[in-house]
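Asks: Sharing a structure below in structure tokens format, with a few things to ask.
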Number of protein chains: 2
Amino acid sequence: MTTRAPGDTLRIGIAGFGKIARDQHVPAIAGCERTTLAAVADPAGGLDGTPSFASLDDMLREADIDAVAVCTPPQIRHDVALAALAAGKHVLLEKPPGATLGEVDILSRTAERAGLTLFATWHSRHAPGVEPARAWIAGRKLRAVRVTWKEDVRRWHPGQAWIFEPGGLGVFDPGINAFSILTRILPAPLRVTEATFRTPENRTAPIAADVRFAAADGVVVDAALDFRQEGPQTWEIDVEADDGRLVLSAGGAELAIDGGAISLPPEGEYADIYTRFADLVATGQSDVDPTPFGLVADAFLMARTETVDAFHDPAEAGKR
Amino acid sequence: MTTRAPGDTLRIGIAGFGKIARDQHVPAIAGCERTTLAAVADPAGGLDGTPSFASLDDMLREADIDAVAVCTPPQIRHDVALAALAAGKHVLLEKPPGATLGEVDILSRTAERAGLTLFATWHSRHAPGVEPARAWIAGRKLRAVRVTWKEDVRRWHPGQAWIFEPGGLGVFDPGINAFSILTRILPAPLRVTEATFRTPENRTAPIAADVRFAAADGVVVDAALDFRQEGPQTWEIDVEADDGRLVLSAGGAELAIDGGAISLPPEGEYADIYTRFADLVATGQSDVDPTPFGLVADAFLMARTETVDAFHDPAEAGKR
């Protein structure tokens with residue numbers, strides 16, 4: 001272990017080097033001047049030019065890191081994060097922060113007791129349209145909110161069979177991104193009043209879902225989630241107010257008010273996340289908001305489930 | 001409205017005058033010297049000798065009450081409690097405290113903002129064996145915990161079709177009692193690691209479930225819940241420690257340590273609850289612990305569901 005000066009960058013080890021780690025975390029860590037990618041741990045292979053380890057334990061024991069970014073499937077996120085905290089590392093969690101609410105609670109207590117930073121990220125909250133949407137909504141009288149979150153699971157999660165297993169959340173894996181935005185931009189807390197799940201006959205988690213929420217101020221939010229969307233992909237939140245209409249689309253990267261596009265800075269969700277993580281570590285804080293995950297759990301509590309056609313993904317056969 | 005002196009008893013109005021209200025709340029309120037039953041609201045009928053109202057709104061407007069005990073089915077508990085808080089009444093919630101976690105959060109915020117007491121009760125935590133069990137467990141090294149919670153739904157919930165509807169929790173309606181005890185007597189927080197649900201082909205909520213928990217200290221807890229238990233009924237928690245064994249049975253009313261029965265005071269769960277409620281109101285506090293409900297939500301998140309035979313209850317035909 002080398003000695004660190006206070007102004008040094010935060011040395012990050014990535015645990016779980018799959019699609020999200022390669023697509024988002026590697027460039028974000030490299031692009032953020034306050035973080036450095038110092039190691040990668042994954043039994044299936046590492047990154048050329050970066051110390052790579054076949055196991056988490058090896059990385060925790062041998063790598064020169066301050067923090068672990070947990071990019072594994074959610075079912076093992078808890079055990080990975082606990083091991084990292086036990087090794088004295090700060091922890092950043094991809095979304096969702098685990099497979100259950102109980103796990104998140106246990107991690108929070110563990111990090112607090114150890115004096116380490118735990119950051120449960122919600123990347124969609126860092127989309128460039130989110131804060132302008134929140135500002136527009138504040139103080140307005142809303143009539144209705146409609147969420148449409150429809151994507152092709154074969155395209156965005158090729159071969160990721162874990163997503164339909166217990167704890168994988170099915171279509172709520174992307175849907176929770178919409179819920180993370182909703183709970184940021186709407187002023188009143190939400191509760192689920194109705195949910196219909198459509199679950200393939202050969203899977204455990206839903207491939208599509210309709211969820212109705214009531215906000216504490218009376219506004220009704222209807223969400224239509226679908227993982228079977230071929231052709232154009234839709235990640236949109238449509239907010240109708242007494243005096244106008246806001247549409248947040250492309251997952252929060254685009255914003256229109258009363259039909260006119262609003263100019264936004266370029267998308268930099270993960271860059272923001274790593275800057276925030278460095279801030280949290282520097283100031284000795286944690287940031288864990290389980291609210292979006294709680295709404296997913298509530299949808300599961302309220303769900304009526306319909307069985308639909310089996311789902312097959314040719315990419316699954318070739319994956320570990 | 002009459003004027004109250006500070007030493008007066010707490011005047012309670014019961015909302016939802018069904019089985020649990022008649023069996024438990026009425027005698028407990030009458031038996032507690034700090035509470036008085038002042039009104040009952042239920043469209044299906046009231047109580048001779050007590051001001052009875054066909055609607056909640058009528059009771060809130062006309063009855064001379066300080067607080068509302070919400071004994072409706074859980075699906076409408078939230079709306080009833082919100083209306084009571086809006087009318088300036090303290091609120092006691094039967095378990096579970098609602099249909100979703102989001103509801104509980106909204107009620108907590110609302111009560112706090114209004115300066116009113118909200119008490120989310122867990123009656124099983126007041127069973128006489130619970131605190132002695134907690135004391136025995138404290139500091140011991142546990143090997144395993146097994147929960148067996150098996151009862152006949154036709155006997156304990158005759159005609160209560162709501163229990164198998166979304167938000168009714170199915171076998172978790174009694175099972176959450178076990179979880180409320182577990183989370184009181186075990187020192188470490190729990191998380192759900194596996195769940196298997198058995199759901200009748202003509203119902204939404206499970207009629208039986210196996211749930212495995214891991215405690216943060218490594219202890220594994222296995223719970224077997226079944227609503228189809230004819231003959232002897234079982235509500236038991238079996239705790240195996242390195243140096244002995246504790247069995248809490250009859251829902252917490254009986255306790256045996258190393259095979260020897262421990263003498264306990266008589267069961268007085270609801271009497272305790274109303275004394276505690278009067279204390280909370282007198283000291284301006286609330287008591288809302290969503291942990292047992294969170295574990296149920298986590299079981300729903302992790303569930304693999306098997307479809308089982310249709311469930312029929314002859315008593316349903318005669319109920320509203």
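The values are calculated or read from the model by the stated rules, or taken from the named source; none is laboratory data. Being a predicted model, the structure only gives us computed values, none of them experimental. No Cβ is skipped: glycine too gets one built from the backbone with ideal geometry, and neighbour counts run over all protein chains shown. Only protein heavy atoms, including side chains, enter the accessible area calculation; ligands, DNA and RNA are left aside. Shrake-Rupley method; radii C 1.70, N 1.55, O 1.52, S 1.80 Å.
Asks: Identify all residues within region B:187-220 that are in contact with a Phe, Trp or Tyr (Cβ under 6 Å, 6 or more places away or on another chain) and over 28 Å from B:Asp309 (Cα atoms); write none if there are none.
Replies: Across region B:187-220, the qualifying residue is only B:Leu190.
Asks: Separate question: What are the residues in region B:199-213 that are over 17 Å from B:Pro292 (Cβ atoms) and either within 14 Å of chain A (Cβ to nearest Cβ) or in a strand (DSSP E or B) (or both), if any?
Replies: Result: B:Thr199, B:Pro200, B:Glu201, B:Asn202, B:Arg203, B:Thr204, B:Ala208, B:Asp210.
Asks: Can you tell me which condition B:Trp122 does not meet? The list is (1) away from chain A (no Cβ under 14 Å); (2) over 21 Å from A:Leu101 (Cβ atoms); (3) touching a helix residue (DSSP H, G or I) at 6+ places or on another chain (Cβ under 9 Å), and all the others hold.
Replies: (2)
Asks: Give, as residue ranges, the strands (runs of 3 or more DSSP E) completely inside region B:227-320 that count at least 2 residues that are outside the structural domain of B:Val26 (by TED's automatic domain parsing) and surrounded by 18 or more Cβ atoms within 10 Å (Cβ to Cβ).
Replies: Ranges flagged: B:234-241, B:244-249, B:254-257.
Asks: Give me a count of the residues in region B:275-320 that are over 22 Å from the mean Cα position of the chain (by Cα) and more than 14 Å from every other protein chain (Cβ to nearest Cβ).
Replies: The number of residues fulfilling the criteria is 16.
Asks: Answer yes if at least one residue in region B:230-237 is within 20 Å of B:Val308 (Cβ to Cβ) and among the hydroxyl-bearing types (Ser, Thr, Tyr), and no otherwise.
Replies: Among the residues of region B:230-237, at least one is within 20 Å of B:Val308 (Cβ to Cβ) and among the hydroxyl-bearing types (Ser, Thr, Tyr), which makes the answer yes.
Asks: Against the conditions (1) in contact with a helix residue (DSSP H, G or I) (Cβ under 8 Å, 6 or more places away or on another chain); (2) touching a residue at least 60 places away in the same chain (Cβ under 8 Å); (3) open to solvent by less than 10 Å² (accessible area, probe 1.4 Å), where does A:Pro166 fall short? Just the number, please.
Replies: Condition not satisfied by A:Pro166: (3).
Asks: Moving on to the next point. Against the condition of a type in the set (Asp, Glu), within 19 Å of the chain's Cα centre (by Cα) and either in the same structural domain as A:Arg155 (by TED's automatic domain parsing) or within 30 Å of B:Phe300 (Cα to Cα) (or both), how does A:Glu112 come out, does it pass?
Replies: The answer is no for A:Glu112.
Asks: Being in a strand (DSSP E or B), buried (at least 17 other Cβ atoms within 10 Å of the Cβ) and over 20 Å from the mean Cα position of the chain (by Cα) is the filter here, so list the residues in region A:214-226 that pass it.
Replies: A:Ala214, A:Ala215, A:Val221
Asks: Run down B:Glu103, B:Glu112 and say which single residue is more than 24 Å from B:Ala282 (Cα to Cα), within 14 Å of chain A (Cβ to nearest Cβ) and among the acidic types (Asp, Glu).
Replies: From the options B:Glu103, B:Glu112, the qualifying one is B:Glu103.
Asks: Working carefully through the options B:Ala144, B:Ala209, B:Ala188, B:Ala138, find the one that is open to solvent by less than 10 Å² (accessible area, probe 1.4 Å) and not polar (S, T, N, Q).
Replies: B:Ala209
Asks: Quick one: which residue in A:Glu151, A:Glu165 is touching an Asp or Glu at 6+ places or on another chain (Cβ under 9 Å) and of a type in the set (Asp, Glu)? Quick ask: steps written out before the conclusion?
Replies: Numbers: A:Glu165 fails: touching an Asp or Glu at 6+ places or on another chain (Cβ under 9 Å).
Step by step, each of A:Glu151, A:Glu165 is checked, and only A:Glu151 is touching an Asp or Glu at 6+ places or on another chain (Cβ under 9 Å) and of a type in the set (Asp, Glu).
Asks: Here's another thing I want to ask about it. What's the number of the condition A:Pro158 fails, among (1) within 16 Å of A:Ile20 (Cβ to Cβ); (2) open to solvent by 30 Å² or more (accessible area, probe 1.4 Å); (3) modelled with pLDDT of 95 or more?
Replies: So A:Pro158 meets the others, but not (3).
Asks: List every residue pair whose Cβ atoms sit under 9 Å apart, with the two residues 6 or more apart in sequence or on different chains, where the first one lies in region B:130-145 and is in the same structural domain as B:Val220 (by TED's automatic domain parsing) and polar (S, T, N, Q) and the second, anywhere, is at pLDDT below 95 and open to solvent by 30 Å² or more (accessible area, probe 1.4 Å).
Replies: Close Cβ pairs satisfying both conditions: none exist.
Asks: Okay, moving on. Can you tell me which residue is farthest from the chain's Cα centre (by Cα) among those in region B:179-198 that are hydroxyl-bearing (Ser, Thr, Tyr) and more than 9 Å from chain A (Cβ to nearest Cβ)?
Replies: Filtering first and then ranking leaves B:Thr196.
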